[in-house]
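Q: Structure in structure tokens, see below.
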Amino acid sequence: MPNHQADSNFCIVLAAFGVSMPEGAPGITAVLEAVRRAYPQAPVRLAFTSNQIRSRWRQRSGDPGWRRENPSVPEEFYEVQGPLAAMASLQDLGCRNLVVQPLHICAGEEYQDLESYVRGLESIETVKPKWRPFHKIALGRPALGRPGPDHPYEDDLLRAARALAPDLETARQSDAALVYVGHGNHFMPSGIYRDLERILSRGNPDLTVAVGMVEGLWGIDYVLERLEAAKARQVLLKPLMLVAGEHARQDICGSDPDSWKSTLEARNFKVHCRLEGLGQNRAWSQIYLANLRDAAREAGLEP
């Protein structure tokens with residue numbers, strides 16, 4: 001983990017849910033490298049919001065055999081911190097201004113918890129104002145935007161649709177329906193997945209596009225209804241996730257009978273799985289960089 005002193009106008013925390021499988025790491029490292037190229041003077045910290053995933057990396061850090069067998073894993077994965085600890089480590093470097101950029105897909109549970117951390121730090125008052133933890137903390141938008149008047153919601157979705165254009169073309173050339181599978185959840189509305197699906201379908205009326213979720217309302221049954229109504233026979237199956245980690249390799253494209261791939265094949269669909277995280281799509285990684293710049297500019301930290 002780089003340990004240079006703060007020598008730019010602000011420091012950066014990139015907050016991802018995390019990844020436990022080395023095969024999924026490129027989805028995160030690609031974004032991390034893009035941000036460091038864009039801000040070579042800014043201290044940048046990677047944070048994982050998942051307690052469980054951070055715990056796995058701590059265990060592996062003390063296992064020399066595991067580290068030898070996985071030489072491609074970045075060293076900072078073994079030292080990864082939670083968002084609060086990452087922010088505190090930058091304060092210790094002397095950072096007074098901070099931009100926290102989530103690497104989440106949408107403003108779901110993980111994003112809202114991250115927002116609570118940021119707002120909590122912002123609310124700290126000290127006897128002498130100069131001893132407040134930070135002068136300014138800016139929070140960027142997730143890839144598909146967030147509710148509120150600061151940025152047109154549809155603009156973020158249209159930008160995401162443009163970034164996904166290569167997948168649409170691959171499906172078109174293969175005469176296949178395109179099925180994305182996001183994480184989803186059982187606790188919060190997931191209408192943003194439907195809105196993205198509508199925008200992708202509206203811009204590509206010759207293709208069948210469906211967006212499902214591992215967890216939540218829009219599961220495999222919903223996708224099967226879409227595919228069968230369209231009389232599709234081939235499917236390009238992709239994770240709508242930053243990384244192609246455990247969910248992508250087991251729940252979506254795994255060989256178990258209850259995986260998405262196996263379920264579709266059991267219904268006589270020919271399935272092509274593409275195990276690639278969205279972070280590996282350069283246009284998608286640039287979304288996070290653009291959102292980081294927006295947050296810095298709106299906080300008065302960048303012209």
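The values are calculated or read from the model by the stated rules, or taken from the named source; none is laboratory data. As the structure is a prediction and not an experimental result, all values here were calculated from the model. A quick note on method: Cβ atoms are made from the backbone with ideal geometry, for glycine too, and the neighbour counts reach across all protein chains shown. Heads up: the accessible areas ignore ligands, DNA and RNA and are worked out on the full protein's heavy atoms, side chains in. Shrake-Rupley method; radii C 1.70, N 1.55, O 1.52, S 1.80 Å.
Q: If I ask for residues that are within 20 Å of residue 293 (Cβ to Cβ), surrounded by 10 or more Cβ atoms within 10 Å (Cβ to Cβ) and more than 19 Å from the chain's Cα centre (by Cα), which ones from region 123-150 would you list?
A: The first filter runs over region 123-150 and keeps only residues within 20 Å of residue 293 (Cβ to Cβ), leaving 134-146, 148-150.
Then keep just the ones that are surrounded by 10 or more Cβ atoms within 10 Å (Cβ to Cβ); that gives 134-146, 150.
Scanning region 123-150 gives 134, 135, 136, 137, 150.
Q: Quick check on region 62-87: of everything there that is small (Gly, Ala, Ser) and buried (at least 16 other Cβ atoms within 10 Å of the Cβ), which residue is farthest from residue 138 (Cα to Cα)? Lay out the reasoning, then the answer.
A: Restricting attention to region 62-87, the residues satisfying the condition of being small (Gly, Ala, Ser) are 62, 65, 72, 82, 85-86.
After this cut, where a residue has to be buried (at least 16 other Cβ atoms within 10 Å of the Cβ) as well, the list is 82, 86.
Working: 82: 17, 86: 15 Å.
Ranking the candidates gives 82 first.
Q: Of the conditions (1) open to solvent by less than 30 Å² (accessible area, probe 1.4 Å); (2) assigned to a loop (DSSP other than H, G, I, E, B), residue 236 fails just one. Which one is it?
A: (2)
Q: Specify the residue that is surrounded by the fewest Cβ atoms within 10 Å (Cβ to Cβ); the eligible residues are those in region 208-224 that are closer than 14 Å to residue 252 by Cβ and modelled with pLDDT of 90 or more.
A: 219
Q: Can I ask one more? Being free of Cβ contacts under 8 Å to residues at least 60 places away in the same chain and among the hydroxyl-bearing types (Ser, Thr, Tyr), is that true of even one residue in region 221-231? Before the answer, list the steps.
A: Pass one, region 221-231, residues free of Cβ contacts under 8 Å to residues at least 60 places away in the same chain: 221-231.
The next check asks that each one be among the hydroxyl-bearing types (Ser, Thr, Tyr); those that pass are 222.
Checked region 221-231: at least one residue is free of Cβ contacts under 8 Å to residues at least 60 places away in the same chain and among the hydroxyl-bearing types (Ser, Thr, Tyr).
Q: Listed residues 168, 196; which is over 15 Å from the mean Cα position of the chain (by Cα) and surrounded by 21 or more Cβ atoms within 10 Å (Cβ to Cβ)?
A: Details: 168 fails: surrounded by 21 or more Cβ atoms within 10 Å (Cβ to Cβ).
Every option except 196 fails the conditions.
Q: Determine whether residue 153 is surrounded by 23 or more Cβ atoms within 10 Å (Cβ to Cβ) and closer than 30 Å to residue 204 by Cα.
A: No.
Q: Residue under question is residue 248, and the condition is that it be touching a strand residue (DSSP E or B) at 6+ places or on another chain (Cβ under 7 Å), open to solvent by less than 60 Å² (accessible area, probe 1.4 Å) and farther than 25 Å from residue 27 by Cβ; does it hold? Break it down stepwise before answering.
A: Numbers: touching a strand residue (DSSP E or B) at 6+ places or on another chain (Cβ under 7 Å): yes; open to solvent by less than 60 Å² (accessible area, probe 1.4 Å): yes; farther than 25 Å from residue 27 by Cβ: no.
Taking the combined requirement at face value, the residue does not satisfy it.
Q: For region 85-125, enumerate the residues that are in a strand (DSSP E or B) and of a type outside the set (Val, Ile, Thr). Can you show your working first?
A: Step one: of region 85-125, the residues in a strand (DSSP E or B) are 97-102.
Listed by number, the residues that qualify are 97, 98, 101, 102.
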